[in-house]
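Chemist: Before we start, here is the structure in question, set down as structure tokens.
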Amino acid sequence: MKILLRKVLIADNTSSFNGLQKDIFLVNGTIASIEDSLSTEADIIIEENGMVVSPGWIDPFAQLSDPGFEYRETIASGAAAAAAGGYTQVFAVPNTSPMVQSKTQVEYILSASRHLPTTVLPLGAVTKNIEGKDLAEMYDMHNSGAIAFSDGLQPVQTSGLLLKALQYVKAFDGVVIQLPIDKSIGTHGLINEGIVSTRLGLPGIPSIAEEIIIKRDIDLLRYTESKLHITGVSTAKGIELIQKAKQEGLQISSSVTPYHLYFCDENIQQYDTNLKVPTPLRTKEDRQALQNAVLNGVVDCIASHHIPHDIDSKICEFEYAKPGMLGLQTAFAVVHHVLPQLSPAQIAQLFSVSTRNIFNLPYTIKEGAAAELTLFNLQKETTLNKQNNKSKSVNSPFFNISLKGAVRGIFSKGQLTLNEWNGN
Amino acid sequence: MKLSTKNLLGIKDLTPEDIQLILSTASQFKDVLQRPVKKVPSLRDVTIVNLFYENSTRTRISFELAEKRLSADTVNFTVSGSSAAKGETLLDTVNNILSMKVDMVVMRHSASGAPHFLAKHIPAAIVNAGDGINEHPTQALLDAFSMTEKFGSLKGLKVAIIGDIMHSRVALSNIYLLTKMGADITVAGPPTLIPKYIAEALNVKVEYNVKKALQWCDVANVLRIQLERQNQPLFSSLREYNQAYGISRQLLESLGKDIVIMHPGPINRGVELDSDVADGPFSIILNQVENGVAVRMAVLYLLANREN
């Protein structure tokens, strides 16, 4: 199969072609040549004004719910949503049933996505049964293909245990991923504690529940000299702490979700259960700080925090609704919509290059490399609707909302997967 | 005149005119309740379901009496002994009831926002009889009615709301109502029971010393300690609470002025209020209960969209 990508802008600051408009010729899944202008024959020619090509995007934190909750999402449906969202690789959190805590589950997830355009890489549990008591078999899971380690939506609470986990993964240069929330503060909270929660009569989760655990995790990181990734940062203070730790030279990285950049707690006036999310939507000021941190590079990458839920888990009282929203398919458009000033190279950085650096999945667009690419266009638009939604669930506040920017397709494992769903 | 809203989900959504309309209509119904025949035929073609997902004595009886005195047909639902106990969802329960041709829903629920959720999904008029720690609008209306009876007007009235502010829907509804009607509010109680952002969110003063709050106010609305809604220890013991924040006869007499004591019930006697205060001359607690029926009649009557 020969494919010609004509006049595409290359966004990859690890590549000598970064920022250049080129023709890229793909032959049997390999980048055969990159030239100013190619006039070879090809089976498929793709040419579109404003088309950008980036190293394949990677999402570091998504829940695919398989095994155990296949009525919400399967590896196949989650990977299809990821492909439509421009991702060639997705990290799946271990909060499944059974949980991903041994070689067997790691191998199941890897094999389930082996032939799909988007590869699903399992995050192994840090602790057995995600109970936060004893270490899971991380070394064995690493050897079987677990990409990193996290207790996912139930972050490790005990300091002593996280210390040991951070030390333990050093043997194989592993990374621990933590959602920043101290569950002993605002234990029964539902949204950010502040003016909005007070006015709505909803129990709050104070910002300090995040700040205190980021502080602690940084202290443990300093002591262990290990690698830590904090995902779903929601507070201005949290960002500030991470920035300082970076300046200090610690091996810390962070990601934010598209929805924390788009929404703030003021959007919850009508008890919209789709806006109930694991690290809560914070204030307008926090949102501004997160946006700034994305623009100035303090935040390394974007994490979709794609969490599918069946309809009955969301059409109910706010208190009983399960937290989380879909994210894979709209992640890029939401980020570009909120921050249109991000350059194509910055987008590639946030969605691919940084994530690849942090988790040791290097890739550069160059001749001779296997093609793993994402095609996107800043001038097109994305509207998620019932017809084009690839997830098995529908818990997204972005349905029927027109967002700027569109993913046009991905190329991976020798296959081109184009998006028809954008409509234009 | 009509209300600006189809449902009574909270005081937050009402205009001062709505509140005034409800209070003046309640006044007319209070006159009705003094007559030998305490009943009017206004809602005889209306069927109302009382959905109580949480325990209640006063509010449920008060609503039921209000409905009966308006000649409405009523159906009662409590969670124990119903299909909700078998795991039926709120929406399913309500839709099943509505398919039996019910016009209005009076609901109490332990989750904040439950009536708002219902309002998005069903056509019947909804009256919130208390949702979680959010609002209890008819309680605030009957409190306002009782204060107006006593003081003539709410404007400039100094109201102290004392006790467990954090877990109290009565506090939030009272604050919304009194603020809209021009009263001054101080909330007082232990710091662990006062929401951190309440002063800026709701424009009230915060006081941790109950005596100071009592010295300042014209009327003290004393709240029940919501032990059932506290998920973690927020004070050390009921004994210590009573000593530090409870209201005794001795404390009231030391103020050197007369204030009015209110309480939404049920009272924890010897905790937030001593018995000789609850039953004493300063208390208008039983007036509140009496006024509750008239206020709820007014709310149901106006929401049934009858011209006044």
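Chemist: Once you put a point 7 Å from the Cα of B:LEU255 and another 7 Å from the Cα of A:ASN292, both along the Cβ direction, what distance in nm separates them?
Modeler: About 4.7 nm, to one decimal.
Chemist: Find, among the trypsin sites (Lys or Arg not before Pro) in the range B:63-144, those assigned to loop by DSSP (not H, G, I, E, B) with at most 12 other beta-carbon atoms within 10 angstrom.
Modeler: Working: sites: B:LYS68, B:ARG69, B:LYS86, B:LYS101, B:ARG108, B:LYS120; in loops: B:LYS101.
The qualifying sites are B:LYS101.
Chemist: Please list, in order along the range B:87-101, the HN-Hα scalar couplings obtained from phi with the Karplus expression 6.51 cos²θ - 1.76 cosθ + 1.60 (θ = phi - 60°), rounded to whole Hz, x for Gly and Pro.
Modeler: x, 5, 6, 4, 5, 4, 4, 5, 5, 5, 5, 5, 5, 8, 6
Chemist: Additional query: Using a cut-off of 12 Å between alpha-carbon atoms, which aspartates and glutamates can reach A:LYS7, once sequence neighbours fewer than 8 places away in the same chain are excluded?
Modeler: Partners found: A:ASP23, A:GLU35, A:ASP36, A:GLU47, A:GLU48.
Chemist: Would you jot down the residues in the range A:267-288 that end up with at least 10 Å² less accessible area in the complete protein assembly than in the chain alone, with a 1.4 Å probe?
Modeler: Hits at the 10 Å² cut-off: A:GLN270, A:TYR271.
Chemist: I've got another one for you. Can you give the percent of C-alpha pairs in the range B:62-131 whose distance is more than 16 Å?
Modeler: It works out to 49 percent of all Cα pairs.
Chemist: Could I ask something else about it? Which value does Rg/Rh take for chain B over its C-alpha atoms, Rh per Kirkwood? Present the calculation step by step, with values, prior to reporting the outcome.
Modeler: Details: Rg = 19.1 Å, Rh = 19.8 Å.
Rounded to two decimals, Rg/Rh equals 0.96.
Chemist: Let me ask something additional. Can you work out the accessible area per residue across the range A:56-358, with the rest of the protein chains kept in place, probe 1.4 Å, in square angstrom?
Modeler: Roughly 31 Å² per residue, with all protein chains present.
Chemist: Determine the residues within the range A:171-213 where the difference in accessible area between the chain on its own and the full set of protein chains amounts to at least 50 Å²; count protein heavy atoms only and use a 1.4 Å probe.
Modeler: Buried by 50 Å² or more upon assembly, which counts only protein chains, are A:HIS188, A:GLU193, A:ILE195, A:THR198, A:ARG199, A:GLY201.
Chemist: So what does the Cα-only Debye profile of the range B:211-308 read at q = 0.10, 0.14 Å⁻¹, as log10 I(q)/I(0), no solvent term?
Modeler: -0.36, -0.63
Chemist: Counting other Cβ atoms within 10 Å, keep those with at most 11, restrict to DSSP loop, and tell me which trypsin sites (Lys or Arg not before Pro) in the range A:89-152 are left. Intermediate values should be presented prior to the final figure.
Modeler: Numbers: sites: A:LYS103, A:ARG114, A:LYS128, A:LYS133; in loops: A:ARG114, A:LYS133.
Listed in order of number, the matching sites are A:ARG114, A:LYS133.
Chemist: Translational D (Stokes-Einstein, µm²/s) of the range B:4-135 at 20 °C and 1.002 mPa s when Rh comes from the Kirkwood sum over C-alpha pairs?
Modeler: Rounded, D is 137 µm²/s.
Chemist: Taking the Cβ-Cβ separation of B:ASN209 and A:SER111 as r and a Förster radius of 60 Å, what is the calculated FRET efficiency to the nearest 0.05?
Modeler: 0.35
Chemist: If each DSSP helix of 4+ residues adds -39,500 (n - 2.57) and the sum is divided by the residues in chain A, what number results at 222 nm, nearest 500 deg cm²/dmol? Present the calculation step by step, with values, prior to reporting the outcome.
Modeler: Numbers: 12 runs with 107 residues, N = 424.
Estimated from H runs of four or more residues: -7000 deg cm²/dmol.
Chemist: Moving on. Mind grabbing the interface size between A and B? I mean buried accessible area, both sides, 1.4 Å probe, in Å² to the nearest hundred.
Modeler: Heavy-atom accessible area buried at this interface is about 1800 Å².
Chemist: Mean projection of the alpha-carbon convex hull of the protein assembly as shown over all orientations, in nm²?
Modeler: Result: 34.6 nm².
Chemist: Give a residue-ordered list of calculated ³J(HN,Hα) values for the range B:26-34 (Karplus: 6.51 cos²θ - 1.76 cosθ + 1.60, θ = phi - 60°; whole Hz; x for Gly, Pro).
Modeler: 4, 4, 5, 5, 5, 4, 4, 5, 8
Chemist: A further question follows. Could you tell me what % of all Cα pairs in the range B:137-285 have separations over 17 Å?
Modeler: Counting every Cα pair in the range B:137-285, those more than 17 Å apart make up 56 percent.
Chemist: Here is a further query. Starting from the Cα-Cα distance between A:GLN270 and A:ASN388, subtract it from 0.36 nm times their residue separation and give me the gain in nm to one decimal. Write out the running numbers ahead of the final one.
Modeler: Values: separation 118, 0.36 × 118 = 42.48 nm, distance 2.68 nm.
Full extension from A:GLN270 to A:ASN388 adds 39.8 nm.
Chemist: Please work out the average accessible area per residue across chain B, using the 1.4 Å probe convention, and give it in Å².
Modeler: 41
Chemist: As a test, work out the antiparallel percent of DSSP beta bridges whose residues both lie in chain A, rounded to the nearest 5.
Modeler: Antiparallel bridges: around 50 percent, rounded to the nearest 5.
Chemist: To the nearest 0.05, how large is the calculated FRET efficiency for A:ALA42 and A:GLU240 if R₀ is 35 Å and r is the Cβ-Cβ distance? It would help to have the intermediate numbers written out before the result.
Modeler: Values: r = 50 Å, r/R0 = 1.43.
Plugging the Cβ-Cβ distance into 1/(1 + (r/R0)^6) gives 0.10.
Chemist: Taking H as built 1.01 Å from N, whose amide H comes closer than 5 Å to the amide H of A:ASN192, not counting residues under 5 places away?
Modeler: A:ILE205, A:LEU281
Chemist: Hey, another quick one. Considering amide H positions built from the backbone, and no H for Pro or chain starts, which residues 5 or more places from B:ALA129, or on another chain, come under 5 Å of its amide H?
Modeler: When sequence neighbours closer than 5 places are left aside, the close amide H contacts are B:MET107, B:ARG108.
Chemist: What ratio of Cα Rg to 2.2 N^0.38 Å holds for the range A:141-202?
Modeler: Details: Rg = 16.3 Å, N = 62, 2.2 N^0.38 = 10.6 Å.
Cα-based Rg divided by the globular estimate yields 1.55.
Chemist: Once you average over the residues of B:160-170, how many Cβ atoms of partner chains fall within 10 Å of each Cβ?
Modeler: Averaged over the peptide's residues, the number is 1.
Chemist: Here's a follow-up. For chain B, find the longest principal axis of its Cα atoms and tell me its angle to the long axis of helix B:58-69, 0 to 90°, nearest 10.
Modeler: 40
Chemist: Here is the link list: A:LYS128/B:LYS86; B:LYS6/B:LYS101; A:LYS170/A:LYS276. Which ones come out longer than 27 Å on Cα distance? Don't jump to the answer; show the numbers that get you there.
Modeler: Values: A:LYS128/B:LYS86 33 Å; B:LYS6/B:LYS101 18 Å; A:LYS170/A:LYS276 35 Å.
Listed pairs above 27 Å: A:LYS128/B:LYS86; A:LYS170/A:LYS276.
Chemist: Now, a different point. If you fit an axis through the alpha-carbon atoms of helix A:103-112 and take the longest principal axis of the Cα set of chain A, what angle between them do you get, 0 to 90°, nearest 10?
Modeler: Long axis of A:103-112 versus the principal axis of chain A: about 40 degrees.
Chemist: Contact order normalised by length for chain B, with contacts defined as Cα pairs under 8 Å and 6 or more residues apart; what percent is it?
Modeler: Averaging sequence separation for qualifying contacts and normalising by length gives 21 percent for chain B.
Chemist: Would you calculate the separation in nanometres between label points at A:THR364 and A:THR187, each defined as 7 Å from the Cα along the Cα-to-beta-carbon direction?
Modeler: 5.3
Chemist: Where the eigenvalues come from the Cα gyration tensor of the range A:244-356, what are the semi-axes √(5λ) of the equivalent ellipsoid, largest first, in whole Å?
Modeler: Over the Cα atoms of the range A:244-356, the ellipsoid semi-axes are 27, 15, 14 Å.
Chemist: Radius of gyration and Dmax for chain A's Cα atoms, expressed in Å?
Modeler: Rg and Dmax of chain A, Cα atoms, are 20.6, 66 Å.
Chemist: Using a 1.4 angstrom probe on heavy atoms only, work out the carbon and sulfur share of the accessible area of the protein assembly as shown in %.
Modeler: Using a 1.4 Å probe with all protein chains present, the protein assembly as shown comes out at 49 percent carbon and sulfur.
Chemist: Let me ask something else about it. If I model a spin label at B:SER82 and A:ASN49 as a point 7 Å from the Cα along the Cα→Cβ vector, what separation in nanometres do I get?
Modeler: About 6.0 nm, to one decimal.
Chemist: Given a Förster distance of 41 angstrom, what is the FRET efficiency for A:LYS128 paired with B:LEU227, based on the Cβ-Cβ distance and rounded to 0.05?
Modeler: Details: r = 36 Å, r/R0 = 0.88.
The computed FRET efficiency comes out at 0.70.
Chemist: Also: Based on the alpha carbons, how large is the Rg to Rh ratio for the range A:375-424 when Rh follows Kirkwood?
Modeler: 0.99
Chemist: Among the lysines, which have Cα under 25 Å from the Cα of B:LYS38 when same-chain residues fewer than 8 positions away are ignored?
Modeler: Cross-link targets: B:LYS2, B:LYS30, B:LYS68, B:LYS150.
Chemist: If amide hydrogens are placed 1.01 Å from N in the peptide plane, which non-local residues have theirs closer than 5 Å to the one on B:LEU157?
Modeler: Sorted by chain and number, the residues that satisfy this are B:ASP184.
Chemist: Additional query: Karplus couplings for the range A:214-229 from phi (6.51 cos²θ - 1.76 cosθ + 1.60, θ = phi - 60°), rounded to Hz, Gly and Pro as x?
Modeler: Karplus-based 3J(HN,Hα) across the range A:214-229 equals 5, 4, 4, 4, 5, 4, 5, 5, 4, 5, 8, 6, 9, 10, 9, 10 Hz.
The values are calculated or read from the model by the stated rules, or taken from the named source; none is laboratory data. Treat the numbers as computed from the prediction; the structure is a model and nothing was measured. Every residue, glycine as well, gets a Cβ built from its backbone with ideal geometry; the counts of neighbours run over all protein chains shown. Remember, those area values only see protein heavy atoms, side chains included, never the ligands or the DNA or RNA. Shrake-Rupley method; radii C 1.70, N 1.55, O 1.52, S 1.80 Å.
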